[in-house]
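The values are calculated or read from the model by the stated rules, or taken from the named source; none is laboratory data. This structure is a prediction, so every number in the text was calculated from the model and none was measured. Because the Cβ atoms are built from the backbone with ideal geometry, glycine has one as well, and the counts that use them run over all protein chains shown. Calculation scope for accessible area: heavy atoms of the full protein, side chains included, ligands and nucleic acids excluded. Shrake-Rupley method; radii C 1.70, N 1.55, O 1.52, S 1.80 Å.
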Amino acid sequence: MSTYEFSVPCLFGLEGIAGDELRRLDIPNVRVENGRVLFSGEARDMAKANICLRTGERVLIVLADFPAKTFEELFQGVYHANLEDFIPKDGSFPVKGHCLSSQLMSVPDCQAIVKKAAVTRLGEKYGLGWLPETGETYQLRFSIMKDHVELFLDTSGVSLHKRGYRRNSMEAPIRETLAATIADLGRVRRDSLVEDPFCGSGTIPIEAALIAKNRAPGLDRRFDAQKWAFLPPACWMDAADEAQDREFHGQYDIWGGDIDPRAVDIARDNARKAG
């Protein structure tokens with residue numbers, strides 16, 4: 001079984017909680033850094049993190065890590081990454097990224113260079129002059145900070161804070177990962193009484209209920225990596241079965257209210273969608 005290095009970006013201030021979550025999931029080699037948590041593991045650990053993490057935003061495979069102050073150095077760093085181990089000949093690989101405090105500060109230009117390097121590498125490895133990109137999506141992401149580049153493969157697809165239950169919301173809704181953090185810091189347990197008199201779309205009560213029920217927030221959504229050929233399909237089934245086995249099926253008391261009846265209707269509908 002192959003071992004990979006993973007990066008889980010999260011909101012600043014949530015890193016320690018995300019790290020504790022991963023440790024409770026028995027994820028190996030967890031390291032907390034500013035704005036993210038790193039861990040090493042196998043495909044099953046990646047699947048478990050996607051399905052069960054409440055406070056992380058994405059689960060990324062680290063593909064490359066190198067210094068770059070010029071476009072040529074950026075090209076060469078990406079070109080020497082073993083992209084063919086992950087992306088098949090028909091795979092679609094769009095590029096997104098960000099730059100901060102670096103010589104390379106134009107995101108569109110860096111996107112173009114990363115794309116060109118990936119096309120060159122994969123074209124040479126597969127003996128193709130043109131890549132069709134008609135298959136599944138393998139989203140490449142890059143981070144350039146202080147002239148240091150990291151290249152990632154995004155296993156999550158849609159951000160993990162989008163659980164799938166909040167299709168309707170009030171103005172300025174709180175992000176689900178932040179709501180889960182508030183509930184976690186509040187030590188919500190199955191015997192807790194939770195009251196939110198300003199519930200809006202119901203995000204905090206719903207995330208508190210998911211914690212009380214010990215229900216994995218990603219059970220009702222899909223992830224890009226579920227379609228990837230190099231990952232065993234069983235890892236997702238096993239992670240989902242394990243998460244469901246840990247669920248609590250008793251009673252718990254969580255209340256939400258709002259001065260706006262429309263907010264209560266939306267919150268109730270979101271709670272139904274969340275199960």
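Which one of 269, 245, 191 is over 19 Å from the mean Cα position of the chain (by Cα), surrounded by 14 or more Cβ atoms within 10 Å (Cβ to Cβ), among the charged types (D, E, K, R) and farther than 28 Å from residue 36 by Cα? Quick ask: steps written out before the conclusion?
Values: 245 fails: surrounded by 14 or more Cβ atoms within 10 Å (Cβ to Cβ); 191 fails: surrounded by 14 or more Cβ atoms within 10 Å (Cβ to Cβ).
The unique qualifying residue is 269.
Among what's in region 1-21 and is under 15 Å from the mean Cα position of the chain (by Cα) and charged (D, E, K, R), pick the residue that is farthest from residue 149 (Cα to Cα).
21
Could you please give the count of residues in region 77-100 that are among the hydroxyl-bearing types (Ser, Thr, Tyr) and touching an Asp or Glu at 6+ places or on another chain (Cβ under 8 Å)?
Of all residues in region 77-100, those among the hydroxyl-bearing types (Ser, Thr, Tyr) come to 79, 92.
After this cut, where a residue has to be touching an Asp or Glu at 6+ places or on another chain (Cβ under 8 Å) as well, the list is 92.
Here the count works out to 1.
Which one is nearest to residue 145 (Cα to Cα) among residues in region 85-97 that are surrounded by 14 or more Cβ atoms within 10 Å (Cβ to Cβ) and of a type outside the set (S, T, N, Q)? Let's see the steps before the verdict.
Initially, region 85-97 is screened for residues surrounded by 14 or more Cβ atoms within 10 Å (Cβ to Cβ), giving 86-89, 91-93, 95, 97.
Remaining after also requiring of a type outside the set (S, T, N, Q): 86-89, 91, 93, 95, 97.
Working: 86: 25, 87: 25, 88: 29, 89: 30, 91: 28, 93: 22, 95: 17, 97: 11 Å.
Looking at residues that are surrounded by 14 or more Cβ atoms within 10 Å (Cβ to Cβ) and of a type outside the set (S, T, N, Q), I get 97.
Among the residues of region 14-45, how many are assigned to a loop (DSSP other than H, G, I, E, B), touching a Gly at 6+ places or on another chain (Cβ under 7 Å) and among the aliphatic types (A, V, I, L, M)? Steps first, answer last, please.
Just the residues of region 14-45 that are assigned to a loop (DSSP other than H, G, I, E, B), to begin with: 14, 25-30, 34-35, 42.
Applying the additional criterion that residues be touching a Gly at 6+ places or on another chain (Cβ under 7 Å) yields 27-28, 30.
The next check asks that each one be among the aliphatic types (A, V, I, L, M); those that pass are 27, 30.
Of the residues in that region, 2 qualify.
Would you confirm, using the coordinates I've provided, whether residue 238 is open to solvent by 90 Å² or more (accessible area, probe 1.4 Å) and modelled with pLDDT of 95 or more? It would help to see each step written out before you state the result.
Working: open to solvent by 90 Å² or more (accessible area, probe 1.4 Å): yes; modelled with pLDDT of 95 or more: yes.
Criteria met by residue 238.
Enumerate the pairs (first residue in region 102-125 and farther than 25 Å from residue 146 by Cβ; second residue anywhere and at pLDDT 95 or above and not hydroxyl-bearing (Ser, Thr, Tyr)) with beta-carbon separation below 7 Å, excluding pairs fewer than 6 apart on the same chain, so at least 6 apart or on different chains.
119/131; 121/83; 122/83; 122/84; 122/87; 122/131; 123/131; 125/84
Restricting the search to region 223-245, which residues are touching a helix residue (DSSP H, G or I) at 6+ places or on another chain (Cβ under 9 Å), touching a residue at least 12 places away in the same chain (Cβ under 8 Å) and outside any helix (DSSP H, G or I)?
Within region 223-245, 223, 230, 231, 232 meet the criteria.
Which residues, taken from region 68-96, are without any contact (Cβ under 8 Å) to a residue 60 or more places away in the chain, over 26 Å from residue 2 (Cα atoms) and touching a helix residue (DSSP H, G or I) at 6+ places or on another chain (Cβ under 6 Å)?
Once the filter is applied, which keeps residues that are without any contact (Cβ under 8 Å) to a residue 60 or more places away in the chain, over 26 Å from residue 2 (Cα atoms) and touching a helix residue (DSSP H, G or I) at 6+ places or on another chain (Cβ under 6 Å), region 68-96 yields 71, 75.
On the given criteria, is residue 40 out of contact with any Pro (no Cβ under 8 Å at 6 or more places or on another chain) and hydroxyl-bearing (Ser, Thr, Tyr)? First the steps, then the outcome.
Numbers: out of contact with any Pro (no Cβ under 8 Å at 6 or more places or on another chain): no; hydroxyl-bearing (Ser, Thr, Tyr): yes.
Taking the combined requirement at face value, the residue does not satisfy it.
Scan 173, 217 and give me the residue that is closer than 27 Å to residue 61 by Cβ and either open to solvent by 20 Å² or more (accessible area, probe 1.4 Å) or touching a residue at least 24 places away in the same chain (Cβ under 8 Å) (or both). If you could, list the steps in order and put the result at the bottom.
On the way: 173 fails: closer than 27 Å to residue 61 by Cβ.
Going through 173, 217 in turn, the sole match is 217.
Can you find a residue that is within 15 Å of residue 143 (Cβ to Cβ) and part of a loop (DSSP other than H, G, I, E, B) anywhere in region 115-130? Don't jump to the end; show me each part of the working.
So in region 115-130, the residues within 15 Å of residue 143 (Cβ to Cβ) come out as none.
No, there is no match, as no residue in region 115-130 is within 15 Å of residue 143 (Cβ to Cβ) and part of a loop (DSSP other than H, G, I, E, B).
Please enumerate the residues belonging to region 3-36 that are in contact with a Leu (Cβ under 6 Å, 6 or more places away or on another chain) and either open to solvent by 30 Å² or more (accessible area, probe 1.4 Å) or of a type in the set (A, V, I, L, M) (or both).
30, 31 - these are the residues of region 3-36 that are in contact with a Leu (Cβ under 6 Å, 6 or more places away or on another chain) and either open to solvent by 30 Å² or more (accessible area, probe 1.4 Å) or of a type in the set (A, V, I, L, M) (or both).
Identify all residues within region 94-114 that are polar (S, T, N, Q) and part of a helix (DSSP H, G or I); write none if there are none.
Matches in region 94-114: 111 only.
Select, from 142, 152, the only residue that is under 16 Å from residue 223 (Cβ atoms), among the hydrophobic types (A, V, I, L, M, F, W, C) and either in contact with a Phe, Trp or Tyr (Cβ under 6 Å, 6 or more places away or on another chain) or open to solvent by less than 80 Å² (accessible area, probe 1.4 Å) (or both). Working first, answer last.
Numbers: 142 fails: under 16 Å from residue 223 (Cβ atoms).
Residue meeting the stated conditions: 152.
For residue 211, are the conditions met, namely being buried (at least 20 other Cβ atoms within 10 Å of the Cβ), β-branched (Val, Ile, Thr) and either assigned to a strand (DSSP E or B) or modelled with pLDDT under 90 (or both)? First the steps, then the outcome.
On the way: buried (at least 20 other Cβ atoms within 10 Å of the Cβ): yes; β-branched (Val, Ile, Thr): yes; either assigned to a strand (DSSP E or B) or modelled with pLDDT under 90 (or both): no.
For residue 211, the condition - buried (at least 20 other Cβ atoms within 10 Å of the Cβ), β-branched (Val, Ile, Thr) and either assigned to a strand (DSSP E or B) or modelled with pLDDT under 90 (or both) - is not met.
Might you let me know whether region 66-73 holds any residue that is at pLDDT 95 or above, in a strand (DSSP E or B) and within 16 Å of the chain's Cα centre (by Cα)?
Residues of region 66-73 at pLDDT 95 or above: 66-73.
If we keep only those that are in a strand (DSSP E or B) too, we end up with 66-67.
Add one more test, that the residue is within 16 Å of the chain's Cα centre (by Cα), and what stays is none.
No - not one qualifying residue is present in region 66-73.
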